[in-house]
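Enquirer: Attaching a single structure in structure tokens format; questions to follow.
Nothing in this text is a laboratory measurement; each read-out follows from the coordinates by a stated rule. Please read all numbers here as calculations on a predicted model, not as lab measurements. FYI the Cβ positions are ideal-geometry reconstructions off the backbone, even for glycines, and counts take in every protein chain you see.
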Amino acid sequence: MSPETSQLSSLRGLLAALRTNSFYARKLADTGLLDGVASLAEFSARCPFTTKAELVADQAAAGPFGTNLTFPLERYTRCHQTSGSTGSPLRWLDTPESWSWMLDNWEIVHRRAGTTAADRIFFAFSFGPFLGFWTAFESAQRLGCLVVPGGGMNSAARLRAMMELRATILCCTPTYAIHLAEVAAKEGIDLRTAQVRTLSVAGEPGGSIPATRARLQELWPGARVYDHHGMTEVGPVSYECPSRPGVLHVIERAFIAEVVDPASGQLVGPGAQGELILTNLGRLGSPLLRYRTGDLVKLEKPSAGVCACGTTDLALEGGILGRVDDMVVVRGVNVYPGAVEEIIRRVGGVAEYQVAISQRQALVELGVTIEPFPEVADGGALAQRLARAFETGLALRVPVALAPAGSLPRYEMKSRRWVRQ
């Protein structure tokens, strides 16, 4: 069975189940999709987008869970919540079947990063309502790994536990992996003696940014970075190509993925950037059809045959490039957070940074504050080099200021380095 045939079969099963889903029964009432679909192209042409704003409004009107539920409440056993980093948080319910489907997807993420039952995985985050922590943990447990939760510990305690338990995989955000290395230096912990061979990172674009990857692998000697991504609303979506660092493959047995122009909503071709649209095929209890993720991606141009890693799954060049709504226009130049981070990490010497966005009359201005690593002897010279790199890379003059050591905030979850003044 071809991938497209398999997707179409799963899609038909999903659409048949939605007659009892109040949210989609209303939304699809005039499309005829609930009576069936002949092809994936027909589905894409007839199915409207689903947006986060719709879901937020639905939960506000029919709280606390909204109406995007295919089964009676008694069937649901898990409740999770989005991080709220891009607007109002959403609550999300799952049945045991939907939960198992997501664990299946996470197992693919683990396996493609080379994870085996012999690994010991340290999860360096507090186990709150965010879905990604739990699915990553439980899927690794299901693989037979020794799993170590790092909730309730400070960074130094986490490092000591990792060293003592001989963890082979660290699972966290790219920002927090950098911060842990910084703490290790302060605590006199030599990461060259650590057993960690894999940094499994997500939550931010950094894992697929070449300069950030290089910095992470420099800070954690002997470890390779593996990026991936997902969302509470849709579950685990992609895994990094084992053969081509910085390329993410969408798990197409679980998702129909499309890339559209954010403004027009029209499909873009290979090699073009656009917004990732997802339909999750196995989360019947709380599904999403043609969901506008807000993630900016670049469709890789198709090559002959399968990928070097052996898959035919859709490839996203550079991973998640940023958020569609994160772009800032500064004096006519489109600036994305990922581009700023790439320049900062490529110049090097920066332990942490913060970007301030301000508006003077009709002009938007950008300013960067950096905190150099302790070993940097001349912070002023570093700031000048970074300012020149911004001018070269962005064609903008960006003022760079220095901050005292330890003064900028550190983040365990998604970083919030961009602030509006």
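Enquirer: When only alpha-carbon atoms count, how far does the stretch 221-284 stretch along each of its three principal axes, as whole angstroms with the largest first?
Expert: Projected onto the principal axes, the Cα atoms of the stretch 221-284 cover 45, 32, 18 Å.
Enquirer: Against the globular-protein guess of 2.2 N^0.38 Å, express the Cα radius of gyration of the stretch 1-129 as a ratio, rounded to two decimals. Show your work: numbers first, answer last.
Expert: Values: Rg = 17.6 Å, N = 129, 2.2 N^0.38 = 13.9 Å.
Taking the Cα Rg and dividing by 2.2 N^0.38 Å, one obtains 1.26.
Enquirer: Calculate the length of the line joining the C-alpha centroid of the stretch 98-136 to that of the stretch 346-400, in whole Å.
Expert: When both Cα centres are located, 36 Å separates them.
Enquirer: To continue, here is another question. With N denoting the number of residues in the stretch 281-338, provide Rg(C-alpha) divided by 2.2 N^0.38 Å, to two decimal places.
Expert: Numbers: Rg = 15.9 Å, N = 58, 2.2 N^0.38 = 10.3 Å.
So the stretch 281-338 has a normalised radius of gyration of 1.54.
Enquirer: Can you give the Rg and Dmax of the chain based on its C-alpha atoms, in angstrom?
Expert: 22.0, 69
Enquirer: Same structure again: How are the alpha carbon pair distances in the stretch 107-213 distributed across 5 Å bins from zero to the largest one, expressed in percent?
Expert: Cα pair-distance distribution for the stretch 107-213, in percent: 2, 12, 24, 26, 21, 12, 3, 0.
Enquirer: Still on this structure, I have one more. Kirkwood Rh, Cα Rg: Rg to Rh for the stretch 57-162? Before the final figure, lay out each step's value.
Expert: Numbers: Rg = 16.2 Å, Rh = 15.6 Å.
Dividing the radius of gyration by the Kirkwood radius yields 1.04.
Enquirer: State, to one decimal in nm², a quarter of the convex hull surface area for the C-alpha atoms of the stretch 1-76, i.e. the direction-averaged projected area. Let's see the in-between values first.
Expert: On the way: hull surface 23.6 nm².
So the Cα hull casts an average projection of 5.9 nm².
Enquirer: Between GLY32, GLY294, GLY349, find the one with the highest GNM mean-square fluctuation for the chain; connect C-alpha pairs within less than 10 Å.
Expert: Judging by the Gaussian network model, the answer is GLY32.
Enquirer: Follow-up question, since we're still on this one. Which residues' amide hydrogens lie under 5 Å from the amide hydrogen of VAL364, considering only partners 5 or more residues apart or on another chain, with H built in the peptide plane?
Expert: ARG331
Enquirer: Quick one: work out Rg over Rh on the C-alpha atoms of the stretch 381-421, Rh as Kirkwood radius.
Expert: Values: Rg = 12.7 Å, Rh = 12.2 Å.
Expressed as Rg/Rh, it is 1.04.
Enquirer: Using amide H atoms built in the peptide plane, which far-off residues or other-chain residues are under 5 Å from ARG323 H to H?
Expert: Long-range HN contacts for ARG323: LEU296.
Enquirer: If you don't mind, there's one more thing I want to ask. Taking just the alpha carbons, could you work out the radius of gyration and Dmax for the stretch 326-382, both in angstroms?
Expert: According to the Cα coordinates of the stretch 326-382, Rg and Dmax are 13.1, 40 Å.
Enquirer: Going by C-beta contacts inside 10 Å, put CYS171, CYS241, CYS47, CYS307 in order with the fewest on the left.
Expert: Details: CYS171 29, CYS241 24, CYS47 20, CYS307 17.
With the fewest neighbours first, CYS171, CYS241, CYS47, CYS307 line up as CYS307, CYS47, CYS241, CYS171.
Enquirer: Follow-up. Percent of Cα-Cα pairs more than 18 Å apart in the stretch 327-420, please.
Expert: Numbers: 1839 of 4371 pairs.
Of the Cα pairs, 42 percent sit more than 18 Å apart.
Enquirer: Right, another one. Restricting to the stretch 327-420, compute how many DSSP beta bridges are antiparallel as a %, nearest 5.
Expert: On the way: 13 of 19 bridges.
Close to 70 percent.
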